[in-house]
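This report concerns only the one structure given below.
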There are 2 protein chains.
Amino acid sequence: MQRVMDLDTPSMVVDLDVVEGNIRRLQAELDELGLKNRPHIKTHKIPTIGRWQLKAGAVGITCQKLGEAEVFADAGFDDILIPYNLVGAPKMERLTRLARRGVKVTVAVDSEYTARGIAEAAQAADTTLGLLVEIDSGGHRAGVQGAQEGRALARKIADFPSVSFEGFMCYPSRPEMTEVWAEAKDLLYRDGIPVNTISGGGTGAQKVSKANGCTEHRSGTYLYADLNVYRGGNCTLDQCAMTVLTTIVSTASPGFATVDGGSKTFTNDALQKDGMNGYVREYPDVYLERMSEEHGVLNLSKLADGAPRPKVGEKLHIIPNHACGTTNLHDVVYGYRKRNGEDIVEWEWPVHARGKIR
Amino acid sequence: MQRVMDLDTPSMVVDLDVVEGNIRRLQAELDELGLKNRPHIKTHKIPTIGRWQLKAGAVGITCQKLGEAEVFADAGFDDILIPYNLVGAPKMERLTRLARRGVKVTVAVDSEYTARGIAEAAQAADTTLGLLVEIDSGGHRAGVQGAQEGRALARKIADFPSVSFEGFMCYPSRPEMTEVWAEAKDLLYRDGIPVNTISGGGTGAQKVSKANGCTEHRSGTYLYADLNVYRGGNCTLDQCAMTVLTTIVSTASPGFATVDGGSKTFTNDALQKDGMNGYVREYPDVYLERMSEEHGVLNLSKLADGAPRPKVGEKLHIIPNHACGTTNLHDVVYGYRKRNGEDIVEWEWPVHARGKIR
């Protein structure tokens with residue numbers, strides 16, 4: 001029996017009961033809203049957890065990178081959305097190979113260039129792929145601008161060989177999209193082009209997706225949750241399943257305690273101006289203030305006089321700012337459950353799709 | 001012959017001629033200053049590059065984590081400084097194993113707790129280890145406070161079995177340390193305890209280390225260099241050896257172009273308020289403004305009217321904010337040299353010590 005507290009540090013650990021609770025809760029809410037659930041695996045990158053999501057009722061999964069999709073296809077997943085413009089010969093080769101082996105792959109595009117590249121590759125490989133048109137919901141990172149541009153691209157796709165126009169997507173779902181989706185559907189109805197899917201996304205944005213008129217919802221971070229999700233009001237601290245187990249290695253600088261993980265363990269994602277960059281379960285008044293690569297510095301200034309103070313050698317569970325970034329820094333995650341009041345490691349998983357940047 | 005421009009993206013690529021130039025230049029400067037060179041391998045994490053550093057004249061290497069030291073010891077490195085408080089039974093077991101196999105390992109400590117732990121482990125394993133005392137140079141992440149505290153810990157170490165007191169270290173070297181080191185040396189001279197090493201550190205801080213009275217200097221980032229080093233005035237853009245080769249995947253949002261790498265490819269380290277978070281070699285007026293996990297958004301607003309604009313499918317070399325964080329996100333680095341005007345891949349290396357967080 002491996003106790004979590006006996007793990008060497010830093011180690012990424014997840015409470016499996018909390019994970020299962022998060023899966024059940026989102027699925028129940030999406031069922032009630034009448035939205036299909038297509039969770040984003042970027043947060044965990046582990047096929048076993050993806051299967052739990054499917055078993056609970058998800059219709060398929062979302063992968064941001066082709067390399068992630070390959071890992072999950074190898075593990076038997078057969079309905080994968082890649083909401084990302086895939087460009088270039090090596091990726092076309094890999095994408096069509098995925099389709100030819102029987103995986104239902106849908107890809108989002110926002111340009112004729114990208115759509116044509118996929119269509120030509122699919123035709124050459126004698127296979128077919130579904131395409132969604134991405135419309136920018138205001139983030140200005142991808143997506144055509146508005147319903148008219150969406151319609152224009154949809155019509156081109158409808159004329160291309162070897163690809164089918166399946167519908168639209170955006171990230172994240174935002175109230176303004178209600179009008180955009182209504183207009184886009186209306187335009188395509190007049191064109192006689194069916195819209196099977198409108199895919200919305202974002203942890204905590206499922207009600208917005210519903211109000212927008214989406215058919216499905218993608219969310220990733222809900223699975224482990226993190227300080228960002230907590231700050232957004234979309235989970236409680238108890239619903240944060242992932243923590244990094246660390247050890248205090250220094251208390252030599254008055255007012256601070258240093259743990260053995262920094263930005264190469266936690267990332268510098270979502271750094272907060274107030275310095276609250278990690279929640280310490282054992283000391284709620286202590287917070288992860290700043291990081292260098294391998295040092296994490298806890299600020300002790302809010303500890304009451306006479307309150308117990310962190311000591312060198314003590315182990316602490318820290319909730320990170322951003323679970324998805326943290327996952328991507330760890331080769332392994334330890335899943336545990338409480339038994340007789342102690343956290344016992346149940347599974348040690350490789351993070352299979354970690355680092356799949358291509 | 002593999003051309004860099006034919007690599008799939010995103011890919012971390014390094015110009016080997018520039019790397020070699022950076023190695024030579026720092027070594028020559030340290031030779032002239034009369035400082036031993038003990039480069040930090042955190043930037044590259046690749047034994048072959050560490051051997052280039054040794055061959056140029058380095059006396060040994062610096063590893064921040066035991067796991068990095070193990071990778072380099074496996075590759076034959078036999079003089080390793082770990083400037084980090086190592087705590088806990090699993091690490092003591094691994095540390096003494098390294099020492100028993102004949103690697104000269106020196107570890108920095110800043111508390112009696114940590115020093116005693118190492119001494120007891122070394123004694124139990126029938127081996128010996130060298131210790132440096134870390135004194136805080138103002139970063140408040142580790143290190144005892146000032147020369148008197150440094151002396152007190154040095155005296156305790158001198159009395160412990162199975163460890164030898166070797167001297168002091170700090171990070172980074174700062175002008176204020178000149179007085180601290182002078183006082184510490186003086187105090188220990190009076191105690192009859194020899195100070196063999198005073199180790200300073202920081203890319204660009206070698207002259208400060210010299211002025212401080214250090215015997216050796218540790219620097220890491222000089223090897224690849226990055227935008228942070230450039231901003232600090234410690235390299236030119238041409239001396240930045242590492243770039244991430246990316247592909248433009250979207251220009252759908254006016255004023256922006258999006259590449260296929262974000263914070264999981266570049267990190268969010270050292271984010272700049274002005275949004276200059278990546279330098280685009282092909283378009284000096286275009287800059288990496290913001291990232292989500294897999295999208296990097298380039299701001300085009302400074303492009304002159306009528307200037308060529310980035311197109312979907314085009315490949316761009318981007319210098320990251322922080323080379324060391326970037327290295328840690330990539331399983332592989334491609335080393336290239338220019339031949340007949342084209343960048344040709346010479347070596348494809350696994351980043352052997354990537355992710356060695358323990």
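Just so it is clear, none of the values below were taken in a lab; they were calculated from the coordinates. Since we're looking at a predicted model, the values are computed, not measured. Glycine also receives a Cβ, built like all others from the backbone with ideal geometry; neighbour counts cover every protein chain displayed.
Numbers for the structure displayed
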| read-out | value |
| --- | --- |
| Estimated dipole of segment B:16-218 in Debye, rounded to 20 [Cβ of Lys and Arg +1, of Asp and Glu -1, Cα centre] | 380 debye |
| Dipole magnitude (debye, nearest 20) for the protein assembly as shown, charges at Cβ of Lys, Arg, Asp, Glu | 440 debye |
| Reduced Cα scattering model of segment B:134-234, Debye log10 I(q)/I(0), q = 0.12, 0.16 Å⁻¹ | -0.41, -0.67 |
| At 1.002 mPa s and 20 °C, Stokes diffusion of segment A:174-294 via Kirkwood alpha-carbon radius, µm² per second | 122 µm²/s |
| Residues of segment A:2-18 with amide N under 16 Å of a point placed 7 Å along Cα→Cβ from B:A124 | A:6-8 |
| Amide hydrogen neighbours beyond the local backbone of A:Y287, cut-off 5 Å, H modeled | A:N299 |
| Flagged links, alpha-carbon separation over 28 Å, of B:K42/B:K104; B:K65/B:K315; A:K302/B:K185; A:K311/B:K210; A:K356/B:K356 | B:K65/B:K315; A:K302/B:K185; A:K311/B:K210 |
| Whole-number D in µm² s⁻¹ for segment A:307-358, Kirkwood Cα-pair radius fed into Stokes-Einstein, 10 °C, 1.306 mPa s | 116 µm²/s |
| Largest-first ellipsoid semi-axes for segment B:16-218, taking √(5λ) over the Cα gyration tensor eigenvalues, angstrom | 25, 23, 13 |
| Under Karplus coefficients 6.51, -1.76 and 1.60, residue-wise ³J(HN,Hα) of segment A:326-342 in Hz, glycine/proline x | 4, 3, 6, 9, 10, 6, 9, 10, 9, x, 9, 9, 7, 9, 6, x, 10 |
| Per principal axis, descending, Cα span of the protein assembly as shown in whole Å | 93, 69, 40 |
| Sum of -39500 (n - 2.57) over DSSP H runs of 4+, divided by residues of the protein assembly as shown (222 nm, nearest 500) | -9000 deg cm²/dmol |
| Leading residue at positive end of dipole, chain B (Cβ point charges), from B:N340, B:A75, B:A307 | B:A75 |
| Nearest-0.05 FRET efficiency for A:Q272 and B:A158, computed from C-beta distance (R0 45 Å) | 0.55 |
| Electrostatic dipole magnitude of chain B [Cβ: Lys, Arg +1; Asp, Glu -1; Cα centre; debye, to 20] | 360 debye |
| Using θ = phi - 60° and Karplus 6.51 cos²θ - 1.76 cosθ + 1.60, couplings along segment B:225-241 (whole Hz; Gly, Pro as x) | 6, 6, 5, 4, 5, 4, 4, x, x, 9, 6, 9, 5, 5, 8, 7, 7 |
| Exam field: B:G341 pseudo-label spacings to other copies (7 Å along Cα-Cβ), nanometres | 7.7 |
| Stokes-Einstein D in µm²/s, Kirkwood radius over Cα pairs - segment A:88-146 at 20 °C with 1.002 mPa s viscosity | 178 µm²/s |
| Top of A:N299, A:N328, A:N22 by mean-square fluctuation, Gaussian network on chain A, Cα under 10 Å | A:N299 |
| Protection proxy ranking of A:204-213, A:133-142 - average other beta-carbon atoms within 10 Å, highest first | A:133-142, A:204-213 |
| Debye equation applied to the C-alpha atoms of chain B, log10 I(q)/I(0) at 0.08, 0.09, 0.13 Å⁻¹ | -0.44, -0.54, -1.00 |
| Top positive-direction residue, dipole computed over segment A:17-218 with Cβ charges, set A:L33, A:G60, A:I198 | A:G60 |
| Under the Debye formula (equal points on every Cα, no solvent term), log10 I(q)/I(0) of segment B:227-321 at q = 0.22 Å⁻¹ | -1.13 |
| 17 Å cut-off, amide nitrogen to a point 7 angstrom out along A:D6 Cα→Cβ, residues in segment B:71-99 | B:88-94 |
